[in-house]
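Colleague: Sharing a structure below in structure tokens format, with a few things to ask.
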Amino acid sequence: MSQDEALSLIVAMVRLRDVTEVDPFPPGAAPVTVDGHSFERLANQIRQHHRITLDPGDLVLLLLTPGDPVQGKVRKSGPFALPRVTSEYPWFAHLLLNAIKQLPSLPDFSDDTKVFVMSDFSGEHRSALYNTYSFIILAQDKIGPFQVKVRELREKHGLLNPYSEFAYKDLRFGARSRALPEFLDLVDNYIHGAVITLAVEKRIETLFGPSKPEAHAFLVDQLASLGFGQWKGPDAEKVSRVCHTLAVFVSLLTSTGQRLLWYCDNDTINVDGKRRTFAHTQELFKTVWGMYATQPLDVIGFGRSFEDKSYLDDLLSVADLAAGVVQDLLQGNATGADISGGDEKLRVIRWAASPARFLSKINIQICRMENGEVGSGLVAMNLKDEQPDLA
């Protein structure tokens, strides 16, 4: 069997749902969970049985995207709302809603069938004044050109084998440094979506109750009683912040019948242990998403940092860059200290503060105000004399 024949067979397996004689998804069925390990197992089976080597990232593209990329709408205008949020919802939901009402626009995925989410987080070191949670949410239907271009870029700079990632904390390696401006240009011009970063001031110890001890005890008990595993207080706070933020924006950006894949790096919220696993985080996200969404999705898939790196990890790098640079900028703005890291960090700062035609850049801050109350709002970045001016 040739590689083209094998790929056609794989795609045909997904397209069975379009054959009238086959009814694998009866009415009212819950969204299907596709775990990242499934792609790795399938890649191994294809390699063993057909002697065809495909990395898991290529299988994600094939299985979740049967068809050619399409041209479609770019943005939709606000105002935006969360109609299901009531006074009974967590305080955090109302803080997010306050910021969302200020958004002038969001990406328009109404012409797309697949949506990807990549996530990364920063600020957990002791000296950080903010925790940042970054997500890149994009139209997967249109990602083909980016996949081609980023592979060409990696071949050009010798970054393909090993697959050296663009990590915010490690940009000064010669080849990565030289490739960084082109990489950021590809991100702005070949990705249709939004980079969303939530920054929470560390003086705010919890967003789910009146005090940290009370809120964390409640979250730990609630997650355990609902079957979402055993969590420590700080991790329960973190996974709740992540799931609520992502669920809010997924509800605003997706439409009925679309497919969603959340791909994340290894982190404390998705470890596999005796008392909780990545599967618990998956089930928790789907439950929280149901609190905000008014539309059903066709498939909800999850992946966690495949061993074989691919363009998925380049998309993951975008979230990493956003989380790191927003943390540094807010820290510098609060302390007056310069941001270390040389020209590479400056390039990322300029990228974060520069508008792009297809990629929205949204930064939300939750902080304690001068009157002692907690407030939320958008952070506007404007370039001024080569340095960002935060408004």
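Colleague: Could you sort the peptides 351-363, 133-145 by per-residue average Cβ neighbour count (10 Å cutoff), highest mean leading?
Modeller: Packing order, densest peptide first, comes out as 133-145, 351-363.
Colleague: Sort 247-258, 74-85 for me by packing, meaning the mean count of neighbouring Cβ atoms within 10 Å per residue, highest on top.
Modeller: 247-258, 74-85
Colleague: While we're looking at this one, here's another question. Can you list the HN-Hα couplings for segment 287-294, worked out from phi with the Karplus curve (6.51, -1.76, 1.60; θ = phi - 60°), rounded to whole Hz and with x for Gly and Pro?
Modeller: 3J(HN,Hα) across segment 287-294, in whole Hz: 5, 5, 4, x, 6, 10, 6, 10.
Colleague: Which shape class, rounded, prolate or oblate, goes with segment 267-391 when its Cα gyration tensor gives a ≥ b ≥ c as root eigenvalues, a/c under 1.5 marks rounded, and past that a/b bigger than b/c marks prolate?
Modeller: prolate
Colleague: Of all the accessible heavy-atom surface of segment 232-315, with the other protein chains kept in place and a 1.4 Å probe, what percent is carbon and sulfur?
Modeller: 51 percent
Colleague: Diagonalise the Cα gyration tensor of segment 111-184 and give the resulting equivalent ellipsoid semi-axes, square root of 5 times each eigenvalue, largest first, whole Å.
Modeller: The three semi-axes for segment 111-184 are 24, 22, 8 Å.
The values are calculated or read from the model by the stated rules, or taken from the named source; none is laboratory data. Please read all numbers here as calculations on a predicted model, not as lab measurements. In this analysis, Cβ positions are derived from the backbone assuming ideal geometry, glycine residues included, and neighbour counts consider all displayed protein chains. Only protein heavy atoms, including side chains, enter the accessible area calculation; ligands, DNA and RNA are left aside. Shrake-Rupley method; radii C 1.70, N 1.55, O 1.52, S 1.80 Å.
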